[in-house]
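Undergrad: Pasting in a structure now, in structure tokens, and then I'll have a few things to ask.
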Amino acid sequence: MRKLTVNVKPPYDVVVGRGLLSNAGTLVSQVMRGKRALVISDSNTAPLYCGGVCEALRDSGIDAYTYIFEAGEENKTVKTVWDMLEAAASHGLTRSDAIVALGGGVTGDMAGFAAAVYLRGIDYIQIPTTVIAQSDSSVGGKTGCDLTYGKNLAGAFKQPRLVIIDPDTLGTLPQRYRSDGMAEVIKHGLIASAELFDIIERGSLDMEDVLYRNVDIKRSFVEADEFDTSERMKLNFGHTMGHAIEKYYNFTGPSHGEAVAMGMVIAARAGENAGLTKKGTADRICSVLKKYGLPTLTEAPAEKLVQIAALDKKRMGDIINFILISDIGRAFIHKLRADELFDFVKGAFNG
Ligand SMILES: NC(=O)c1ccc[n+]([C@@H]2O[C@H](COP(=O)([O-])OP(=O)(O)OC[C@H]3O[C@@H](n4cnc5c(N)ncnc54)[C@H](O)[C@@H]3O)[C@@H](O)[C@H]2O)c1
Ligand SMILES: [Zn+2]
């Protein structure tokens, strides 16, 4: 087992290790002040892992209750969060009790949000079970749900009390979610660690090591900028155009990871064309993405994507913080006016 501490107020540990799920009881009881825990999971994850986790909690003297919701981003709604709150109340959770989020990013985001507002805030523990959740979303305290107007439009910053990462749970994860998550893992290498990128490029990954490195990268961005006003924006590498691609297809086309993969290639090529990114970087990114089953080219038209991206940013003023890398492992924020975006990216859409 390897351990990292995220130094925010109050600090919390992230433990990474194969087989850790069976130690969940001991680990959770070390941070619990009360006796009751509501384990929140989705309909795919619960049948696989909920029984084991609850048993481990009960063995450590914790009264474990469960709340299971229907899996899927379409259920990442205020209604589901509301049902979680009702479940917490029905089991009599008090200020000293805790919520345990067992599942992917959808579960963690909503369970964290429920913990942020239940009795004006109780502790929660993340037990992530997807690549996205283990490498990214379980750490950092961004919680929330979607509204009909867009994704993640309601939420709160609420850091977990503990994060338990067991890479063995990825054994049951369907392949498409695995490659989806790898896009963010590759992104972490690109923005912050040439060493991680090299490891990924070489292949045959030791996931425990890869996830540990990812969490360490996420940790450093969160510590530098907990509320996402500066340094943390670098985590959006590939996301400006990636989000636009997802929206262009009305969220029924490429998955988030696939869209981010294409967005990273556009950002790297645009950077190369502007002389801001080392030559050859985009090609190197493309070959790694292909290796992990991710797309590198979008068929969506540049003009439309730029329109969508610019519209997206209108609410934040006219400036787009477009994330670039100067070289693998080194990200920086490139400020652009919305009306400069098309010229900046237009040459980045071909092979
Ligand atoms: N809070 C953050 O900082 C942050 C960062 C990135 C993404 N996110 C959010 O994360 C979500 C995407 O995360 P995700 O891909 O984990 O989605 P998800 O939670 O929907 O999980 C993907 C699918 O895998 C299933 N699943 C989960 N673990 C499994 C396992 N071990 N074995 C078999 N099946 C399993 C789920 O039921 C679901 O069908 C989005 O809503 C996104 O907004 C949040
Ligand atoms: Zn993302």
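Undergrad: Restricting to the stretch 251-271, name every residue that is in contact (Cβ under 8 Å) with a residue 40 or more places away in the chain and under 14 Å from Phe322 (Cα atoms).
TA: Across the stretch 251-271, the qualifying residues are Val260, Met264, Val265, Ile266, Ala267, Ala268, Arg269, Ala270, Gly271.
Undergrad: If a residue has to be among the hydrophobic types (A, V, I, L, M, F, W, C), surrounded by fewer than 16 Cβ atoms within 10 Å (Cβ to Cβ) and either under 30 Å from Asp312 (Cα atoms) or modelled with pLDDT of 95 or more (or both) to count, how many in the stretch 191-241 make the cut? Can you show your working first?
TA: As a first pass, look at the stretch 191-241 and keep what is among the hydrophobic types (A, V, I, L, M, F, W, C): 191-192, 194, 196-197, 199-200, 205, 207, 210-211, 215, 217, 221-222, 224, 227, 233, 235, 237, 241.
Those left that are additionally surrounded by fewer than 16 Cβ atoms within 10 Å (Cβ to Cβ): 194, 205, 224, 227.
Narrowing further to those that are either under 30 Å from Asp312 (Cα atoms) or modelled with pLDDT of 95 or more (or both): 194, 224, 227.
Qualifying residue count, the stretch 191-241: 3.
Undergrad: Next question. For residues that are of a type in the set (Val, Ile, Thr) and free of Cβ contacts under 8 Å to residues at least 40 places away in the same chain, scanning just the stretch 57-116, find the one that is farthest from Gly140 (Cα to Cα).
TA: Ile62
Undergrad: May I pose another question? Kindly provide the set of residues from the stretch 154-190 that are under 30 Å from Ala37 (Cα atoms), surrounded by 23 or more Cβ atoms within 10 Å (Cβ to Cβ) and within 16 Å of ligand 2 (Cβ to nearest atom), ordered by number.
TA: Gly181
Every residue, every condition in (1) on the phi > 0 side of the Ramachandran plot; (2) within 12 Å of ligand 1 (Cβ to nearest atom); (3) assigned to a helix (DSSP H, G or I), yes or no:
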position	(1), (2), (3)
Ile127	no, yes, no
Ala156	no, yes, no
Pro160	no, yes, no
Gly181	no, yes, yes
Gly189	no, no, yes
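Undergrad: Also, I was wondering about something else. Restricting the search to the stretch 129-153, which residues are of a type in the set (Asp, Glu) and either at positive phi or buried (at least 23 other Cβ atoms within 10 Å of the Cβ) (or both)?
TA: Matches in the stretch 129-153: Asp136 only.
Undergrad: Follow-up question, since we're still on this one. Among the numbered conditions (1) within 26 Å of Asp146 (Cα to Cα); (2) within 12 Å of ligand 1 (Cβ to nearest atom); (3) in a helix (DSSP H, G or I); (4) not aromatic (Phe, Trp, Tyr), tell me where Leu21 comes up short.
TA: (1) is the only condition that Leu21 fails.
Undergrad: Let me ask something else about it. May I ask you to list the residues in the stretch 27-54 that are assigned to a helix (DSSP H, G or I), in contact (Cβ under 8 Å) with a residue 24 or more places away in the chain and over 18 Å from Tyr124 (Cβ atoms)?
TA: Leu48, Gly52
Undergrad: Moving to a separate point now. What are the residue pairs meeting all of these: first residue in the stretch 143-154, first residue assigned to a strand (DSSP E or B), second residue among the aromatic types (Phe, Trp, Tyr), Cβ atoms under 9 Å, and 6 or more apart or on different chains?
TA: Taking only residues 6 or more apart or on different chains, the pairs are Thr143/Phe113; Thr143/Tyr124; Thr143/Phe157; Gly144/Phe113; Cys145/Phe113; Lys151/Phe251; Ala154/Phe113.
Undergrad: Take the residues in the stretch 246-292 that are at pLDDT below 95 and on the phi > 0 side of the Ramachandran plot; name whichever of them is surrounded by the most Cβ atoms within 10 Å (Cβ to Cβ).
TA: Phe251
Undergrad: Next question, about the same structure. Going by what's in this entry, would Thr77 be described as more than 28 Å from Leu4 (Cβ to Cβ) and either at pLDDT below 95 or crowded, with 20+ Cβ neighbours inside 10 Å (or both)?
TA: It is false that Thr77 is more than 28 Å from Leu4 (Cβ to Cβ) and either at pLDDT below 95 or crowded, with 20+ Cβ neighbours inside 10 Å (or both).
Undergrad: Please find, within the stretch 162-172, the residue that is nearest to Arg219 (Cα to Cα) out of those that are within 11 Å of ligand 1 (Cβ to nearest atom), touching a helix residue (DSSP H, G or I) at 6+ places or on another chain (Cβ under 7 Å) and not charged (D, E, K, R).
TA: Here the answer is Pro167.
Undergrad: Test Leu85 against the stated conditions and say whether it is within 25 Å of Met233 (Cα to Cα) and more than 12 Å from ligand 1 (Cβ to nearest atom). Give the derivation first.
TA: On the way: within 25 Å of Met233 (Cα to Cα): no; more than 12 Å from ligand 1 (Cβ to nearest atom): yes.
Answer is no for this residue.
Undergrad: I've got another one for you. Quick one: is Gln126 surrounded by fewer than 24 Cβ atoms within 10 Å (Cβ to Cβ) and either over 21 Å from Ile40 (Cα atoms) or free of Cβ contacts under 8 Å to residues at least 60 places away in the same chain (or both)?
TA: When the stated conditions are applied, Gln126 does not pass them.
Undergrad: So, one more: Go through (1) in a helix (DSSP H, G or I); (2) within 14 Å of Leu102 (Cα to Cα); (3) of a type in the set (Gly, Ala, Ser) for Ala64 and report which single condition fails.
TA: It fails just one condition, (1).
The values are calculated or read from the model by the stated rules, or taken from the named source; none is laboratory data. If you're wondering where the values come from, they're calculated on a predicted model, not measured in any experiment. Neighbour counts run over all protein chains shown; Cβ positions are idealised from the backbone, glycine included.
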